[in-house]
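Engineer: Can you keep this structure in mind? I'll have questions shortly.
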Amino acid sequence: MSTAPKTSVIPRRVDALKACTQDASYKGIIMPDQLPRLSAAVVSIQREVTAKIDFFRDESGYRVMSGEFDALVSVECQRCLSTFDYDLHARMDLFLVISETQLESLPKECEGWLLDEDGEADLYEAVEEDLLLALPIVAYHDKADCQAEGHYSTGDFTEVVPDKKNPFEILGSLKLATKTDDSEEK
Ligand SMILES: [Zn+2]
């Protein structure tokens, strides 16, 4: 049904239930200005984000939205404070549900995504969320490229090792925050 040209813009909202029934696939770009949270998290998004998103039902009958995304962003080096380009790559496998109850009953290893009451998915939101998770917690140049190296190379500069946060810990709490809602009682 799609007559879209090669570099079509991915639609923001799709009927995800129908898309799964039809094994629909979307391939194209998302404009940087449609991703405000990612824009705020980096210095700039350098070009359109490319994305491929597939909808299907898996062997167990679960509806799945699976995708891969690439973005080029400019981030600030926390050592020398100049900016550099960073290739951002993310992928997702989201299990689509239409109620909190369904969300709760998903197997633990499955990441759920709650559709709105019309069964629609906001693709930009899902893509943005995964790109944000793929961002480095603290960004540094490669040492060879970092201007701070040359700047301090004459003296007895000792490198300050920043407090390293465990990225998985942060990732875990983010995903948990999107998934659990304990306020609901039976
Ligand atoms: Zn640097």
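Engineer: State all residues of segment 119-148 that are free of Cβ contacts under 8 Å to residues at least 60 places away in the same chain and either among the aliphatic types (A, V, I, L, M) or within 16 Å of the ligand (Cβ to nearest atom) (or both); if no residue qualifies, say none.
Structural biologist: Result: 133, 134, 137, 142, 143, 144.
Engineer: A further question on this structure: Taking only pairs six or more apart or across chains, which ones have beta-carbon atoms under 9 Å, a first residue in segment 15-33 that is at pLDDT 95 or above, and a second residue that is in a strand (DSSP E or B) and polar (S, T, N, Q)?
Structural biologist: 19/25; 27/50; 28/50; 29/50; 30/50; 32/44
Engineer: Within segment 62-80, does at least one residue satisfy the condition of being without any contact (Cβ under 8 Å) to a residue 60 or more places away in the chain, outside any strand (DSSP E or B), out of contact with any helix residue (DSSP H, G or I) (no Cβ under 8 Å at 6 or more places or on another chain) and on the phi < 0 side of the Ramachandran plot?
Structural biologist: Checked segment 62-80: at least one residue is without any contact (Cβ under 8 Å) to a residue 60 or more places away in the chain, outside any strand (DSSP E or B), out of contact with any helix residue (DSSP H, G or I) (no Cβ under 8 Å at 6 or more places or on another chain) and on the phi < 0 side of the Ramachandran plot.
Engineer: Looking at (1) farther than 27 Å from residue 35 by Cβ; (2) within 16 Å of the ligand (Cβ to nearest atom); (3) of a type in the set (Ser, Thr, Tyr), which is the one condition that is false for residue 86?
Structural biologist: Here residue 86 clears every test but (1).
Engineer: Going by the conditions given, is residue 44 in contact (Cβ under 8 Å) with a residue 12 or more places away in the chain and surrounded by fewer than 16 Cβ atoms within 10 Å (Cβ to Cβ)?
Structural biologist: Against the criterion (in contact (Cβ under 8 Å) with a residue 12 or more places away in the chain and surrounded by fewer than 16 Cβ atoms within 10 Å (Cβ to Cβ)), residue 44 qualifies.
Engineer: Among the residues of segment 70-92, is any modelled with pLDDT of 95 or more, more than 22 Å from residue 137 (Cα to Cα), surrounded by 14 or more Cβ atoms within 10 Å (Cβ to Cβ) and not basic (Lys, Arg)?
Structural biologist: Checked segment 70-92: no residue is modelled with pLDDT of 95 or more, more than 22 Å from residue 137 (Cα to Cα), surrounded by 14 or more Cβ atoms within 10 Å (Cβ to Cβ) and not basic (Lys, Arg).
Engineer: Given the options 64, 75, 49, 97, name the one that is among the β-branched types (Val, Ile, Thr), within 20 Å of residue 33 (Cα to Cα) and out of contact with any Ser or Thr (no Cβ under 7 Å at 6 or more places or on another chain).
Structural biologist: Answer to the selection: 49.
Engineer: Next question, about the same structure. For segment 51-69, name all the residues that are among the aromatic types (Phe, Trp, Tyr) and surrounded by fewer than 18 Cβ atoms within 10 Å (Cβ to Cβ).
Structural biologist: Selection gives 56, 62.
The values are calculated or read from the model by the stated rules, or taken from the named source; none is laboratory data. Model, not experiment: these values are computed from the prediction. Ideal geometry is used to build each Cβ from the backbone, glycine not excepted, and the neighbour counts take in all protein chains shown.
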